[in-house]
Amino acid sequence: MPEAPRRRIDATTLRGLAHPLRVQLYDALVTYGPATATMLAERFGESSASTSYHLRQLAKHGFVEEDPVRGVGRERYWRAYPGGSRLDRYDLSDGASGEAARLVVDEFQRAQSARLEHWLAVGYQQVPREWGAATMNATSHLRLRPEELARLSAELTAVVDAWQDRVADRDAVDGERIVEVQVRTFPVAAQDVP
């Protein structure tokens, strides 16, 4: 089965995501997989009515959908839209779109940073030693031109995408865990910029 294309977030769809709780809900579905509004309400300390409303808004803008293989009757499971999404801040840098894009990126960054900080603080103590030994936390600094940075970013994305394809059909089984891959490529600020 071909993989769904990565969805490009434009100014219209951005409005459906530009709410802190919606970003959190979407991030949780991307990270941990399908869940009900009730499960997500418990995770975030919200009411089921609130999470249900925000999930419907996310669905309206194409970020999430009902999971067709889970749930029975009134128990509705939601999942992130297959293929994921991509936000280009340069395309959305003006006015209200710029503010909304900043909110969305900041919320995703907060969630990613929180998971990394948890791992560095106590997470490694909560997993068997082989899991800790298999991780990496590395920083490299390269002198690149813009086209080289674009190529490096594309190659790193291709590696992660290939692994996603390789394990996409797996259900949770013993010996497996969700592994977060955080890869960032960006130009470093000039030395005189704080």
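The figures follow:
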read-out: Table column - 3J(HN,Hα) (Hz), region 14-30, Karplus curve with 6.51, -1.76, 1.60, x for Gly and Pro; value: 4, 4, x, 9, 6, 8, x, 5, 5, 4, 5, 5, 4, 4, 5, 5, 5
read-out: Length released on extending from Ala59 to Val188, taking residue separation times 0.36 nm less the Cα-Cα span; value: 42.8 nm
read-out: Residue with peak Gaussian network fluctuation, the chain [Cα springs, cutoff 10 Å], from Val183, Val173, Val104; value: Val173
read-out: Computed lengthening from Thr139 to Asp88, 0.36 nm per intervening residue step minus Cα-Cα distance; value: 16.0 nm
read-out: Ordering of 94-103, 150-159 by packing [mean C-beta count within 10 Å, highest first]; value: 94-103, 150-159
read-out: Label-to-label distance, nm, for residues given as Ile178 and Glu66 (7 Å Cα→Cβ offset); value: 2.3
read-out: Rounded if a/c under 1.5, otherwise prolate or oblate - region 18-79, Cα gyration tensor axes; value: rounded
read-out: Cβ-placed point charges (K, R +1; D, E -1), dipole of region 7-128 about Cα centre in debye, nearest 20; value: 240
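We did not get these values from a lab; they are worked out from the coordinates using the rules stated. What you see is a predicted model, and the numbers here were worked out from it, not measured in a lab. Glycine gets a Cβ as well: all are built from the backbone with ideal geometry, and neighbour counts include every protein chain shown.
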